[in-house]
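Everything below concerns the one structure shown next.
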């Protein structure tokens, strides 16, 4: 058991990085690192900086994750942009991991096995991202944004909402207040706009 943990820790810091996890190579061994990195925004622990326009600043979701995009510092890593999600989605977070732009979606219940499709509709322009579970029983879904237009779409909005769907099922509206500055700051080291 100890040997497995050491192998997992070595892999998490290996040059293969997160992209290999998303491709399914030793996926279970590196997911623990991302879960640890994302624990701060997922749990809504204070310490982040929120960007909000007007009355949105006063709206706070249960659990402390705000309904406006926030930039949360994470020791030893680039900051994480996060926002509370609608429906079965607890939160949506953006971050860089080993040079790869990543979306992390925390859901309220364990999703089915296999690839899960997240789509965001920005008033007729739709961005879809395939997601995988972080670990076998996890409620954390991860996706690679390297080839996605989603960061560009988020960076072009600072207010309004995007309709969020998981596997085609409407979950509700994802707030876009503050999406531009937080997503750009979180993904600046790993995504070219």
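Remark: 177, 88 ranked as 88, 177, counting other beta-carbon atoms within 10 Å and listing the fewest first.
You can think of it this way: the chain between residue 126 and residue 170 has 14.5 nm of extra reach, that is 0.36 nm per residue less the Cα-Cα gap. Annotation: the residues 125, 68, 102, sorted from fewest to most other C-beta atoms within 10 Å of their own C-beta, follow the order 125, 68, 102.
A short reminder: the numbers here are calculations on the coordinates, not readings from a lab. Quick caveat: nothing in here was measured; it's all calculated off a predicted structure. For neighbour counting, all protein chains shown are included, and Cβ atoms are generated from backbone atoms with ideal geometry for every residue, glycine included.
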